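This report concerns only the one structure given below.
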Amino acid sequence: MQASPLGRPGPSRPGRSPLARAADWCFALQTWLMVACLVIMLVLLFGNVALRYLFNSGINVSDEVSRLAFVWMIFLGSVIALREHQHIGVTMLVERFGPGARRVSHIACQLMILWVLWLMAEGSWVQTVIGLDTVLPVTGMPQAVFNAAGLYAAVAMGILTVVDLVRVIAGGPLPAESSPEDPLV
């Protein structure tokens, strides 16, 4: 069995559905994209500092490309954190509920999350369209590249939330009750 970077069973684990394996591969790819963003930021910023200090020169595009890598890394990480149930949650009140009330509370929370993600996707879409005509001063890339990260995250998190909502409505375990063997968690 191959372990993923996040400690979950890896994509090549036998016995999982093709959809679960595809999801595992997508999240492994996202993890590697985050690593690539971090490496890009590190190389560009460190290289720029070294060049400025040693040669009184610099990499012109380092600020814009590093900022772009940072924005994408944050939004990719947000999607992965949602899948891993790593976002901050205050469960003080919900822990006192019975199983039925917990399920109703979870469904209500997921519906509110979907509403917020819809607002985020709609706003990101509008900003992405506006940003298509605005270019960054040094690289010449459209500003939309930044806003597309928010759009991607909203859509990906919306899909994960809908999958979780369907699973819970169908009688599946709540995320706090589910085991690491659960293919949709």
query: Does Val145 meet the test of being of a type outside the set (Lys, Arg) and modelled with pLDDT under 90?
result: no
Breaking point among (1) closer than 22 Å to Thr139 by Cβ; (2) surrounded by 15 or more Cβ atoms within 10 Å (Cβ to Cβ); (3) under 11 Å from the mean Cα position of the chain (by Cα), for Ser66: (3)
message: I'm trying to understand the selection: among the residues of the range 131-159, which are β-branched (Val, Ile, Thr) and either within 23 Å of the chain's Cα centre (by Cα) or crowded, with 20+ Cβ neighbours inside 10 Å (or both)?
response: Val145, Val155, Ile159
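The values are calculated or read from the model by the stated rules, or taken from the named source; none is laboratory data. These numbers come from a predicted model, not from an experiment. Every residue, glycine among them, receives a Cβ derived from its backbone with ideal geometry; neighbour counts consider all protein chains shown.
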